[in-house]
Structure formats: structure tokens, C-alpha cells
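Data first, discussion second: the structure below is written as C-alpha cells.
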Amino acid sequence: MAPSPEMARALAVDVMIVSLGSTAGLRRADEELKESLVRGGASVAVAEAPPPRQLRTMMLTDLAWSRAARTAARQMLTRLDEHPPRAVVYSSTTAALLWPRPGAIRFDSPSTANRPGRNGLWQRPLERRRLREAPLLLPWSEGALGELPADGWAHGRALVLPVPVAPSGPSESVKDLAAITYAANPAKKGLDRVLSAWRRVRAERPPDTAGELVVAGASSQELADAGHDIAAEEGVRVLGALSPHEYRAMLRRARLFVCAPRREDYGLAQLEALADGCLLVTTPAPGPYAALPIARALDPRLVDQDLAAALRTALDDPPAGYAVRAREALAPFGRGAVDRLVAERLLPLLLA
């Protein structure tokens, strides 16, 4: 017996998200997109790529993740065979490289920018093809859109869709942590530069006023394997991987968020730190670093290649009203603003 029209509508899926989930930021972005689509009235299915085993090179790692995304997409499409999704969104260009069906591509940065040289030898040409074939491109920022190759996509098929950022709770009245940094992928995040600057500033201060740098996102062993044996270092505390709830609670307690990325594809951790009341102390960095222009506008003294100098300023002469101005600057990243963008522009484009 054929299902009734009402039952068919109930079984149908409007949007399938192929979630790569290779980083905490990507997982967070996919969850936020799903919730925003649902609030906009769409039904959503998520195909989650299972994490592959660790591999030695970026080329092999991307291949493994691409294959995992393809498998997850195929399995979900098979499950939805009788009522296939009206649209597919691939979370990252890596998830789209081996796609079984064309769809929109959401990305923080293209491989043409963040996979230079041998790291992107096979990914870049295939990515360019997928960008041309995709019905819609969903960069996280204007900067990511600007990094696309000029001949790799058709203008008019892109919608900048930021990842929503909101305060995780009321800011602590007493900030009992001097500074916090996020060190997953410590080489890219510039942990060595953060530690060097912190040691310089700490050495200049009386021991009882020096404070503590909290390092989140990687365990002591993971950091030691990357060349940072800091488990017993005075003035530094390694927390390891925290749940999102625990991590945001630490942000609310911290006076500063400090980072020195060698390249920044978006800067979600920095935006979350601003939302939770931290001063953002950072070096400039190449890439579509969405938090960088906000940090410069809030206080240019805290954005400096001399990270130690910026740290001294933040600790000794913190700007007045910074947290209030930061939350105002983050208004375009709020859930309400992104929900309106999804409901008024994204869904009509996806479901046309």
C-alpha cells in the first residue's frame, strides 16, 4: 500500500548533511547548521564520517577522510532511497572530494589555500572540479570566499554562512585564570610562540603575581610528542581535551585568550573566547581569520607580532569595556542572525 501524501512528507528529508567531523570546530559547525535548518522548518539527516586511523601525511589523511565521508553519504542515501533528500550539504571540501552525489559545499578554507605544495598535490585539482560542479558554495567567511581560485567556481553560487557564536553563560565576576590557549594541532596553532611569550612575560613579574597559562585541547603526552614537554612547567597547566561545556566554562574564568597561529582558517576558538568575555591577545596570521579584524578594532595593542608585548599590555593595562564591545561586534555571528540567513536565503537556495 502506497503511503499517504501526509506520510510521504513525514518520511521525506529536506537536507542531508555529510559531516566530516575531523575537528571539534567542524563538529560544532555541523551541529549548529543542523539546528538552524530545523528551526527554519527543514527536516535534516546527518551522515557522520567515521574517523579513519591516523596516517603519516596530509595527502593520505585527506584521502582517508574523503573515503569515510563517501561511505557515510552512500549509506545514508541508501537508507533514504525511497524518499531521497532534496539537497545535500558537504561539510568541507574534503568531504565533497569523492562525493556520490553533487551537493552544496560548506568550508572554512579551500585546499588551494591551506594545502600548499605536496600537502595538496591530488586534493587541489579535484577540489577545483568539485567547486565548479557544486550547485551552491557556503564559505564560513568572506575571507574564505576570497581564497577560491578565480576559475574554480561561478559567481552567484555562493552564500557566506558563518558559524554561530554566543556566550556560553554569564561571565564570572572573578577571573581566576590569567590566560588560556587552545593547542589542538599545536604546530599550526603556534603553541611554541605562545609558550615563549608567556615565559618572557612571566619571568619579568613577581612570582606571586605571574599567574597561570592554561593549555586546553591536547594532553600532556600529545604535546610532548609534538616537542612540548610542559607537564611539569611552573606557570603552565595542561588540561587536555575537554567537553565543550567544560571548555567554555574555563573561558568564562579566563582574563585572556592568547594564540599565535601560523595560519588561521576561521578562528572559532577565538570568537568563542570573545563571546565569553576574554581579551583576545593574538599575532596576525594569514588565512580567513574572522576574529582578527574584530580584535584589531577592539584594541590594536593586543594584536602584535611581538606577542609578549601584547601580553604585557593585556595584563597591565586592560582596555575598559572590552567585553561589552566584543559582544556587540559579534552580533553578525549570533544565532538569531544566522537563523535568519538560513531561513530567508539558504533554504530557498537549497530547496529550489
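The values are calculated or read from the model by the stated rules, or taken from the named source; none is laboratory data. Predicted, not measured: the structure shown is a model, and the values here were computed from it. Every residue, glycine among them, receives a Cβ derived from its backbone with ideal geometry; neighbour counts consider all protein chains shown.
Could you check ARG39 against (1) under 24 Å from LEU271 (Cβ atoms); (2) surrounded by 19 or more Cβ atoms within 10 Å (Cβ to Cβ) and say which number it fails?
(2)
Filter the stretch 191-216 down to residues that are surrounded by fewer than 24 Cβ atoms within 10 Å (Cβ to Cβ) and not in a helix (DSSP H, G or I), then give me how many there are.
Of the residues in that region, 8 qualify.
Those residues that are in a helix (DSSP H, G or I) and free of Cβ contacts under 8 Å to residues at least 40 places away in the same chain, I need them from the stretch 338-352; list them, please.
ARG340, GLU344, PRO348 - these are the residues of the stretch 338-352 that are in a helix (DSSP H, G or I) and free of Cβ contacts under 8 Å to residues at least 40 places away in the same chain.
If we keep just the residues of the stretch 290-337 that are in contact (Cβ under 8 Å) with a residue 60 or more places away in the chain and under 19 Å from PRO170 (Cα atoms), which is surrounded by the fewest Cβ atoms within 10 Å (Cβ to Cβ)?
ARG335
Out of curiosity, is LEU138 touching a residue at least 60 places away in the same chain (Cβ under 8 Å) and assigned to a loop (DSSP other than H, G, I, E, B)?
no
Limited to the stretch 186-209, what total is found for residues that are under 21 Å from the mean Cα position of the chain (by Cα) and among the β-branched types (Val, Ile, Thr)?
1
I'd like the full set of residues that are more than 23 Å from GLY25 (Cα to Cα) and in a helix (DSSP H, G or I), limited to the stretch 77-114.
LEU77, THR78, ARG79, listed by residue number.
Please go through the stretch 312-333 and give me each residue that is within 27 Å of the chain's Cα centre (by Cα) and of a type in the set (Ser, Thr, Tyr), ordered by number.
Passing the criteria: only TYR322.
From the list GLY267, GLY240, which residue is buried (at least 17 other Cβ atoms within 10 Å of the Cβ), on the phi > 0 side of the Ramachandran plot and outside the structural domain of PHE107 (by TED's automatic domain parsing)?
The unique qualifying residue is GLY267.
Quick grid of which residues meet (1) without any contact (Cβ under 8 Å) to a residue 60 or more places away in the chain; (2) surrounded by fewer than 21 Cβ atoms within 10 Å (Cβ to Cβ); (3) assigned by TED's automatic domain parsing to the domain that holds PRO110:
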{"site": "GLU48", "(1), (2), (3)": "yes, yes, yes"}
{"site": "PRO52", "(1), (2), (3)": "yes, yes, yes"}
{"site": "ARG56", "(1), (2), (3)": "yes, yes, yes"}
{"site": "ALA68", "(1), (2), (3)": "yes, no, yes"}
{"site": "THR71", "(1), (2), (3)": "yes, yes, yes"}
{"site": "GLN75", "(1), (2), (3)": "yes, yes, yes"}
{"site": "GLU82", "(1), (2), (3)": "no, yes, yes"}
{"site": "PRO85", "(1), (2), (3)": "no, no, yes"}
